[in-house]
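Asker: There's a structure below that I have some questions on.
The values are calculated or read from the model by the stated rules, or taken from the named source; none is laboratory data. All values derive from a computational prediction rather than experimental measurement. Note: ideal-geometry Cβ built from the backbone for every residue, glycine included; neighbour counts use all protein chains shown. Just so you know, the surface numbers come from the protein's heavy atoms only, side chains and all, with ligands and any DNA or RNA stripped out. Shrake-Rupley method; radii C 1.70, N 1.55, O 1.52, S 1.80 Å.
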Amino acid sequence: MLNQLEAAIKGQVNGVFLISGTGRVVVSFHQPKPTPTPVPKPTPTPRKSPGPGDFCTQYRAMAKWSHDHQMKPSVEAWAAELVTRLTAMRPAAPADKLTWVDSLLKVYRLVASSAGAARIGNEAAASNFPAAGTGLARYCKVDPALLQPR
């Protein structure tokens, strides 16, 4: 480096020109930072969408419970339990069956709240309750009579 500096200055100055001196150079050595080993990201396990078995298993269990507990201790309590079970299984219902599930929920909620025969009957007709009950029963291979009050 000194030689380059001296040559550059000599080119600008006439005569003899000399640079001398001492210097100290410190060289430090360090280890390079280790390259982290890439950790492979875990492949997420694909979540199985609930199949008809999941929904129908719950639906059949509800139908059996309904048959075994009709009107006990009251029609309202029986309907309230059906609402609880239908609400719990609704996320597992196939998309094309949700209208039927919602129809059952509307009517059973009215029964559970003692809404009165006229209001319950009107909702049953408006939401096509009989067809919904029969459709879900056929889909899940359940006798629809298991869900009807005796």
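Asker: For the range 103-122, give me each residue that is assigned to a helix (DSSP H, G or I) and either touching a Cys at 6+ places or on another chain (Cβ under 6 Å) or of a type in the set (Ser, Thr, Tyr) (or both).
Answerer: In the first step, residues of the range 103-122 are kept if they are assigned to a helix (DSSP H, G or I); the result is 103-112, 117-122.
Scanning the range 103-122 gives Ser103, Tyr108.
Asker: Identify the residue in the range 56-76 that is over 17 Å from Leu105 (Cα atoms) and either without any contact (Cβ under 8 Å) to a residue 40 or more places away in the chain or out of contact with any helix residue (DSSP H, G or I) (no Cβ under 8 Å at 6 or more places or on another chain) (or both) and, among all such residues, is least open to solvent (accessible area, probe 1.4 Å).
Answerer: Ser74
Asker: While we're looking at this one, here's another question. Looking at the range 77-86, can you tell me whether even one residue there is assigned to a helix (DSSP H, G or I), of a type outside the set (Ser, Thr, Tyr), closer than 17 Å to Asp54 by Cβ and without any contact (Cβ under 8 Å) to a residue 40 or more places away in the chain?
Answerer: Step one: of the range 77-86, the residues assigned to a helix (DSSP H, G or I) are 77-86.
Within this subset, residues satisfying the condition of being of a type outside the set (Ser, Thr, Tyr) are 77-83, 85-86.
Now drop any that are not closer than 17 Å to Asp54 by Cβ, which leaves 85-86.
Next, only the ones that are without any contact (Cβ under 8 Å) to a residue 40 or more places away in the chain stay: 85-86.
Yes, the conditions are met somewhere in the range 77-86.
Asker: Give the residue, chosen from Ala125, Ala132, Ala137, that is part of a helix (DSSP H, G or I), open to solvent by 70 Å² or more (accessible area, probe 1.4 Å) and of a type in the set (A, V, I, L, M, F, W, C). It would help to see each step written out before you state the result.
Answerer: Details: Ala132 fails: open to solvent by 70 Å² or more (accessible area, probe 1.4 Å); Ala137 fails: open to solvent by 70 Å² or more (accessible area, probe 1.4 Å).
After applying the criteria, what remains is Ala125.
Asker: With the checklist (1) open to solvent by 40 Å² or more (accessible area, probe 1.4 Å); (2) in a helix (DSSP H, G or I); (3) over 21 Å from Pro73 (Cβ atoms) in hand, flag the one item Leu146 doesn't pass.
Answerer: The failed condition is (3).
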